[in-house]
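I have placed the structure first, in the form of structure tokens, so that the comments after it can refer back to it.
What follows is calculated from the coordinates using simple rules that are stated; it is not laboratory data. In this text, all values refer to a predicted model and were calculated from it rather than measured experimentally. Note: ideal-geometry Cβ built from the backbone for every residue, glycine included; neighbour counts use all protein chains shown.
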Amino acid sequence: MLPDLDGLTLVKTLRGAGCNVPVLFLTTMCGIDDRVEGLNAGADDYLVKPFAFSELGARVNALLRRPRETVEQKVLQVSDLKIDLMTRLVWRNGQLIDLQPTEFRLLEYLVRHAGQLSLVPCYLKMSGTFILILKQHCRNPYQSLAGKLNAGNNSDLIHTVRGAGYMIHETA
């Protein structure tokens, strides 16, 4: 019952895009079918209103205790770009690139989802840490990140999909 779309569609879209942020439904939809549908859509937990704030706090803490995405690789690579996840260093064409922490996180996300559209503007208005980070950092820092990656190189790695988002993919 969100203003622009329903929570099920939002969580399905997030999960389909590979976004693994914890999702806790807070809703008045209390039927067993509603709960099953929400959890099957990709929610990590489901809490029906009215609820006790102590229970909400306990559920949020439980979600935060869950291990995040495991680092299955130590180095990510797309084309001539390499990202060392352990040292948090980035190279393109063998040249070390100095990135700010937010630029590094954004680049890591884009590389992990190479070839996929990485954000959709209508979801930027929704609350959520990752989405808000992208919203705040896709203007100047995005240009800064793209500028740093493209400096001294003949081809761009990060591409704007006009009106839809950003994508990183192999150069031709």
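Some observations on this one:
- Under 19 Å of direct C-alpha separation, and excluding same-chain neighbours fewer than eight residues apart, Lys74 reaches these aspartates and glutamates: Asp84, Asp98, Glu103, Glu108.
- The slack between Leu63 and Ala17, meaning 0.36 nm per residue of separation minus the straight C-alpha distance, is 14.5 nm.
- Between the beta carbons of Asp4 and Ser54, assuming R0 = 35 Å, the FRET efficiency works out to 0.65 to the nearest 0.05.
- Report note on the peptides 74-81, 93-100: ranked by the mean count of other C-beta atoms within 10 Å, highest first, their order is 74-81, 93-100.
- Per-peptide average of other Cβ atoms within 10 Å, ordering 145-157, 101-113 highest first: 101-113, 145-157
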